[in-house]
Amino acid sequence: MKQYQIIISRSEYWDKVYACWLGKNIGGTLGAPFEGKKFVNDLDFYATLVSEAAPNDDLDFQLVWLKMLEDWGINIKLEKLAEYWLKHLSAYPWNEYGFCQRNLRRGLLPPVSGCFENYYVDEMGSPIRSEIWACIAPGNPQLAASYAWKDSCLDHSGGEGMYGEMFWAAVESAAFVISDVETLIRIGLNMIPLHSQISRVIREALWCYKNNVRWAEARERIVQWYGHNSACHAVQNHGFTILGLLYGRDFGDKLCKAVNCGYDTDCTGATLGSLLGMLLGTKGIPDEWKKGVGEKIVLHKYTRLDDAPKTIAELTDRVMTVAEKVLEENPGVKFGEHTVIPENCVTLLMRNELAVSLLKNDVQSSVRSVGDYEVWLHYNGEPVIYPGVGKTLGVRVLKDNREVDLEVSLRVPPDWRVLELESIFGHKRFLVEASRVEETNKLSVEFENSAAQFIILGPGEARGYPSGQNVPACPTCHGYKGHCLCVKE
């Protein structure tokens with residue numbers, strides 16, 4: 001008989017997932033009125049009387065990913081994430097969301113879609129959508145973090161936002177089986193680079209708490225050493241969320257301490273609310289906080305998803321169905337009647353090989369799936385070719401996450417020149433040169449009677465974008481211009 005190392009009670013799992021989404025709605029609703037305000041608040045409850053959850057992209061993106069998992073299974077492909085973004089989330093114009101879509105519509109696939117001409121790679125857009133990956137991979141932090149890496153490739157490649165989503169996905173996955181907060185933080189930190197700002201600010205918040213630094217002083221230390229002019233910058237906000245988690249006395253006080261730090265308050269509140277729900281379960285969330293948001297899921301107006309869950313209970317049921325499939329294929333954890341935690345549980349939760357291997361991937365590349373193969377085109381820098389200037393491109397072909405040695409050729413436009421170079425570290429390399437370049441140029445990686453299509457831009461389509469500026473928005477509905485609520489897609 002196959003021996004499973006961690007067993008999670010089905011009823012306990014369902015309760016924690018339900019409390020996760022409930023906590024996310026509570027924290028997001030608490031923080032929403034103060035989003036973007038950098039001053040210190042003095043909240044001890046909702047600022048205004050509420051009767052339902054505030055609509056929040058923090059949740060909506062994850063509903064789209066749930067739909068993708070239901071439609072296509074748990075073997076997540078970057079192309080599918082991009083496809084579902086364009087289909088269901090195309091009206092979102094803000095910051096990294098807008099620039100992700102701009103790149104996708106130009107033909108640039110993840111992970112390069114998440115970093116090219118995108119000033120906002122260090123912001124909060126991906127850390128706020130970590131819970132879905134934790135919930136479908138309970139008790140398997142490195143798997144949850146690997147899902148988060150794929151998700152964050154869309155709009156935060158190589159940025160602090162990527163590290164933030166991986167951190168929270170791991171912490172939340174581990175929270176299904178252990179509750180010691182400091183250990184959870186260490187597990188999350190084990191999935192991301194030591195040198196990252198996210199890692200450093202979390203360690204600073206933890207240091208302040210362990211050295212009896214007062215909450216207000218700790219908050220000022222985060223602002224002084226890690227603060228950014230953008231309220232949505234991920235680094236300071238991760239520090240604030242950790243301060244709330246560590247310094248708060250109970251559910252409500254922890255949420256308020258995080259939100260009272262200011263800045264991206266709906267996100268800090270929503271993420272912490274999710275984690276507290278996982279840790280405390282539904283019984284640990286006071287009734288007065290539950291009553292404010294209720295059971296209903298309220299979509300943001302920019303989310304196009306006809307069959308979204310209507311209630312938190314429906315969402316929980318659907319997530320559990322996907323989690324069953326994930327656990328079947330990853331036998332380190334299984335569902336059972338009772339939770340069983342082995343003595344070496346923390347050692348198991350600290351494993352990070354999968355997360356570390358993904359962090360080694362080149363984000364200056366695009367990925368396509370062709371049958372059982374995954375084809376990576378490495379731009380070796382920006383995804384741009386200039387007339388008369390040779391550019392070296394790299395190609396990798398993977399099957400079952402392992403590189404395979406195949407005969408590969410690169411087809412380019414008719415008037416271009418291509419020269420195959422010596423392979424390095426398993427990368428097929430090609431020198432490409434053209435005297436004339438279009439704004440958008442098609443390349444094709446061909447192998448075994450198959451082909452994967454890619455785009456490389458010309459200088460006319462890659463003129464740069466000023467830092468801190470957003471993509472054009474519709475003057476009527478304020479969505480992504482041309483793909484907004486005023487346009488039927």
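Here, each number is a calculation from the coordinates, and none is a lab measurement. Predicted model only: the values in this text are computed from it and were never measured. In this analysis, Cβ positions are derived from the backbone assuming ideal geometry, glycine residues included, and neighbour counts consider all displayed protein chains.
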In the chain, which helices (entire DSSP H runs) extend 18 Å or more along their own long axis, judged by Cα positions, while averaging at least 0.5 on the Kyte-Doolittle scale?
234-247, 265-280
Which one of Gly332, Val319, Gly262 is farthest out on the positive end of the charge dipole of the chain, using unit charges on Cβ (Lys, Arg +1; Asp, Glu -1) and the Cα centre as origin?
Gly262
GluC sites (Glu not before Pro) lying in DSSP loop within region 322-425, provided at most 11 other Cβ fall within 10 Å:
Glu337, Glu343, Glu407
Nearest 20 debye, what's the magnitude of the dipole of region 30-125 about its Cα centre given +1 on Lys and Arg Cβ and -1 on Asp and Glu Cβ?
460 debye
Farthest positive-ward along region 6-358 dipole, Cα basis, beta-carbon charges - from Ala145, Ala170, Leu243:
Leu243
Can you give the charge dipole size of region 185-315 about its Cα centre, rounded to the nearest 20 debye, using +1 on the beta carbon of Lys and Arg and -1 on the beta carbon of Asp and Glu?
320 debye
Farthest towards the positive end of the dipole of region 6-358, among Leu109, Val201, Asn75 and with Cβ unit charges of +1 on Lys and Arg and -1 on Asp and Glu, lies the Cα of Val201
Classify region 191-251 as rounded, prolate or oblate, taking a ≥ b ≥ c as the square roots of the eigenvalues of its Cα gyration tensor: rounded when a/c is under 1.5, otherwise prolate if a/b is larger than b/c and oblate if not.
prolate
In the chain, once you exclude exposed chymotrypsin sites (Phe, Trp or Tyr not before Pro) (DSSP loop, at most 14 other Cβ within 10 angstrom), what's the longest stretch remaining?
46-424
Please work out the C-alpha center-to-center distance from region 130-176 to region 382-452 and express it in whole Å.
31 Å
Summing +1 for each Lys or Arg and -1 for each Asp or Glu, what net charge is found among the other residues whose Cβ lies under 9 Å from the Cβ of Gly31?
-3
Go through region 238-316 and name the trypsin sites (Lys or Arg not before Pro) that are in a DSSP coil and have 10 or fewer other Cβ atoms within 10 Å of their Cβ.
Arg249
14 Å reach of a label modelled at Val356, 7 Å along Cα-to-Cβ, counting backbone N of region 180-223
189-195
For each pair in Lys254/Lys310; Lys87/Lys334; Lys87/Lys310; Lys257/Lys334; Lys150/Lys325; Lys80/Lys257, compute the distance between the two Cα atoms and list the pairs where it is over 26 Å.
Lys254/Lys310; Lys87/Lys334; Lys257/Lys334; Lys80/Lys257
Under a 5 Å amide H to amide H cut-off, with H placed in plane at 1.01 Å, what residues pair with Lys428 once short-range neighbours are removed?
Val395
Quick one: Karplus J couplings for region 43-48, per residue in order, coefficients 6.51, -1.76, 1.60, θ = phi - 60°, nearest Hz, x for Gly and Pro?
7, 10, 6, 3, 5, 10
In whole angstrom, the spacing between the Cα centers of region 329-372 and region 1-80 equals 20 Å
How big is the dipole moment of the chain about its Cα centre under a simple scheme where the beta carbon of each Lys and Arg is +1, that of each Asp and Glu is -1, and everything else is neutral? Debye, nearest 20, please.
480 debye
